[in-house]
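These notes concern the structure reproduced below.
Read-outs throughout are calculated quantities, based only on the coordinates presented, and are distinct from any laboratory measurement. From a predicted model like this one, the values you see are computed outputs, not experimental measurements. Methodologically, a virtual Cβ is constructed for each residue, glycine included, from the backbone with ideal geometry; neighbour enumeration extends over all protein chains shown.
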Amino acid sequence: MQHSPPPPLLDIIQSATEPIITIDSTQRIVMFNPAAEKVFLYTAEQAIGASVDILIPPRFRQVHAEHILRFERTGHSKRQMGTGMPLWGLKANGEEFPMEASISQVRTPTKIYCSIFLRDITERQQIDQALRASRDELTRLSNALLHEREQEKRHIARELHDDIGQSLTALTMELSQLEASLPSNPADASGHVAAMRTLIKSSFTSLRRIASDLRPVMLDDLGLPAAVEWLISDFSSRYGIDAEIHVDVGPRCLSTLVSTTLFRVAQEALTNIVKHANATHVLLDLHCTNTKCTLIVQDNGRGTTPEHLASALPKRLGLLGIRERVRLLNGTVSIHTRPDQGLRLEVVVPLDQPTP
Ligand SMILES: Nc1ncnc2c1ncn2[C@@H]1O[C@H](COP(=O)(O)OP(=O)(O)OP(=O)(O)O)[C@@H](O)[C@H]1O
Ligand SMILES: [Mg+2]
């Protein structure tokens, strides 16, 4: 079989789909391939002999010339230009565009030539920008959703607590009066009244629990420390797990957003301990300085492997929700766990937050 000879180097350069430009040591263009013509809108005829400056926006010319000189002096044969930052090119019509470039040099006994290999990254930057915009939009949306959900819970909790709770209280009082005014108090009538009183009492307890689970009124009225203390003591008495708590929220007044986030994180961590840990002891530590709050919830339960956590994360909502809430506050979440060595969740949120 007969092999055709390899195409000469110049043919390869001429047919390359990316712009390739060669300049001499005085920074004059000596080679300008068709792809460069297409991108820069100069013909090779116009470009060859001109300074490479015509392809660079004026504000970058000085720096660019210094870079080329330095590169020539290093004697290195090639290098990426711009070290990861996009460079800017200038078209004949005055339009600027972002590009990536690498440079290589060839030395003859008398001359140095630098070839610059370019890639127009306008499209990639547009895609990056669209991606960033859509991520920002998602963050804004989920922020708004979380905010909306909290508002709704707060509203329902208030209604339950203030409205139905008041009615139940009034009903109990009415019942007391009715009981007092019953003639000669027949035994079965007072039996009914007693049964009704028990029913009202248990409705009251359920109502309080539902309202507090939705959003403890305490969080809005008395603040995060009281709400967290209530959460822990309720947890301990409901599930019989020994709990230790340290709270010091420092000198600053916490915003509703930060308080709600830390409260929800603690709530989910405790729910997880009930569901998964089989623990006998829990430690909750909330500590704030002037600049940040750190919340640690640690148990001595069965723990798990980091691999299991990673595989559970996309399917489960609890830890994912924690991450999302904390991310919205520019905070960090770290989880340390080993089988039979419990799980330690640590959340740090900075205190200077934009409100949603
Ligand atoms: N304290 C813990 N001890 C042991 N394993 C835990 C603990 N907390 C979480 N896990 C493990 O991590 C997994 C993910 O927790 P996550 O809260 O995201 O989901 P979930 O509690 O299973 O479900 P959801 O919270 O969505 O109702 C759990 O399924 C569990 O296997
Ligand atoms: Mg969970």
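How far is helix 256-272 tilted off the main Cα axis of the chain, in degrees rounded to 10, range 0 to 90? For helix 256-272, the angle is close to 70 degrees.
Applied to region 319-330, the Karplus parametrisation 6.51 cos²θ - 1.76 cosθ + 1.60 on θ = phi - 60° returns per-residue 3J(HN,Hα) values of 5, 5, x, 4, 4, 5, 4, 6, 4, 4, 9, 6 Hz, with x for Gly and Pro.
Separation of region 324-339 from region 149-212 is 42 Å, based on Cα centroids. Peptides 162-170, 99-107 ranked from most to least packed, by the mean per-residue count of other Cβ atoms within 10 Å: 99-107, 162-170.
May I ask you to order 345-352, 258-265 by the average number of other C-beta atoms within 10 Å around their residues, highest value first? It would help to have the intermediate numbers written out before the result.
Values: 345-352: 18.0, 258-265: 22.6.
Result, highest mean first: 258-265, 345-352.
Check the chain for me: any Cys whose beta-carbon has no other cysteine beta-carbon within less than 4.7 Å? That list is CYS114, CYS253. A cut-off of 5 Å between modelled amide H atoms, ignoring neighbours fewer than 5 places along the same chain, links LEU41 with ALA92.
Computed from backbone phi, the HN-Hα couplings of region 223-233 come to x, 4, x, 5, 5, 5, 5, 4, 4, 5, 6 Hz, rounded to whole numbers (Karplus: 6.51 cos²θ - 1.76 cosθ + 1.60, θ = phi - 60°; Gly and Pro given as x).
Need one word for the chain: rounded, prolate or oblate. Basis is the Cα gyration tensor (sqrt eigenvalues a ≥ b ≥ c); a/c below 1.5 gives rounded, then a/b vs b/c decides. Could the numbers behind the result be given before it?
Numbers: a/c = 3.88, a/b = 3.22, b/c = 1.21.
Prolate, because a/c is 1.5 or more and a/b exceeds b/c.
3J(HN,Hα) along region 237-245, derived from phi through the Karplus expression 6.51 cos²θ - 1.76 cosθ + 1.60 where θ = phi - 60°, amounts to 6, 5, 10, x, 9, 5, 10, 10, 9 Hz, with x in place of Gly and Pro.
Under 5 Å from the amide H of CYS288 lie the amide H atoms of ASP248, VAL249, GLY250, THR294, each residue being 5 or more positions distant or on a separate chain, with H modelled from the backbone and absent for Pro and chain starts. This model, with +1 at the C-beta of Lys and Arg and -1 at the C-beta of Asp and Glu, gives region 134-215 a dipole about its Cα centre of some 300 debye.
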